[in-house]
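*Asks:* The structure follows.
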Amino acid sequence: MPNNLSLGRLGERIAVDYLSREGYQIIETNFHKRWGEIDIVAQDKDTLVFVEVKTRMEGDRITPEESMTGRKINSIKRSGQYYKLKHPELPENLRIDFLGIVLNEKFKPVRINLVKNIFF
């Protein structure tokens, strides 16, 4: 079983592939600032999207959706505003999306849940 960091990185790679198939243009992954991180920065049509990815194993007691907190949303919002400030050429419309991934024991996705526009 991988540790949380490697499970998260695997989930982010799955998320990038999934979002690309859904028409998102991936701009950057793992944008870090001292006060927060954005897993994926992407563009969806005329909107700059900050995507939070949560990955869990089948049978975990907490679902990816249950692990999303208000504190995390606020951190993404603040980091997203900073990102936009540093990249004025990107779209003005901002959005936070959530992507929950559940993997089976062979680390293959059994459920991917994209929730658009959770905040901004």
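Just so it is clear, none of the values below were taken in a lab; they were calculated from the coordinates. Treat the numbers as computed from the prediction; the structure is a model and nothing was measured. Here the Cβ is made from the backbone with ideal geometry for all residues, glycine too, and neighbour counts use every protein chain on show.
*Asks:* Identify which of LEU99, LEU90, LEU48 has the largest mean-square fluctuation in a Gaussian network model of the chain, with springs joining Cα atoms closer than 10 Å.
*Replies:* Most flexible of the set in this elastic network: LEU90.
*Asks:* What does the net charge come to around PHE31 if you take all other residues with beta carbon closer than 13 Å to its beta carbon, with K and R at +1 and D and E at -1?
*Replies:* So the environment of PHE31 carries a net charge of 0.
*Asks:* First select every other residue whose beta carbon is under 10 angstrom from the beta carbon of VAL51; then total the charges, Lys and Arg +1, Asp and Glu -1. Before the final figure, lay out the partial values.
*Replies:* Details: positive: ARG95, LYS116; negative: GLU12, ASP39, ASP44, GLU52, ASP97.
Here the count lands on -3.
*Asks:* Something else about it: Relative contact order for the chain: what is it in percent, counting Cα pairs under 8 Å that are at least 6 residues apart?
*Replies:* In percent, rounded to a whole number, it is 23.
*Asks:* Give me the lysines in straight-line cross-link reach of LYS72: C-alpha distance below 28 Å, same-chain residues under 8 apart excluded.
*Replies:* Correct list for LYS72: LYS33, LYS45, LYS54, LYS84, LYS86, LYS108, LYS116.
*Asks:* Here's another thing I want to ask about it. For the chain, I need the span (max minus min coordinate) of the C-alpha atoms along each principal axis, in Å, sorted largest to smallest.
*Replies:* Principal extents (largest minus smallest coordinate, Cα): 43, 29, 21 Å.
*Asks:* For the chain, find the longest principal axis of its Cα atoms and tell me its angle to the long axis of helix 4-21, 0 to 90°, nearest 10.
*Replies:* 60
*Asks:* Dipole size in debye (nearest 20) for segment 4-119 around its Cα centre, Lys and Arg Cβ +1, Asp and Glu Cβ -1?
*Replies:* Here segment 4-119 has a charge dipole of around 320 debye.
*Asks:* Then there's this: Within segment 26-73, which trypsin sites (Lys or Arg not before Pro) sit in a loop by DSSP and count at most 12 neighbouring Cβ atoms inside 10 Å?
*Replies:* In loop regions of segment 26-73 (DSSP not H, G, I, E or B), the sparsely surrounded trypsin sites (Lys or Arg not before Pro) are ARG34, LYS45, ARG61.
*Asks:* Give the angle, between 0 and 90 degrees and rounded to the nearest 10, that separates the Cα long axis of helix 70-86 from the longest principal axis of the Cα atoms of the chain.
*Replies:* On a 0 to 90 degree scale, this one is about 40.
*Asks:* Rounded to whole Hz and in sequence order, give me ³J(HN,Hα) for segment 99-115 from the Karplus expression 6.51 cos²θ - 1.76 cosθ + 1.60, θ = phi - 60°, writing x for Gly and Pro.
*Replies:* Coupling constants for segment 99-115: 10, x, 10, 10, 10, 8, 5, 9, 6, 9, x, 10, 7, 10, 10, 9, 10 Hz.
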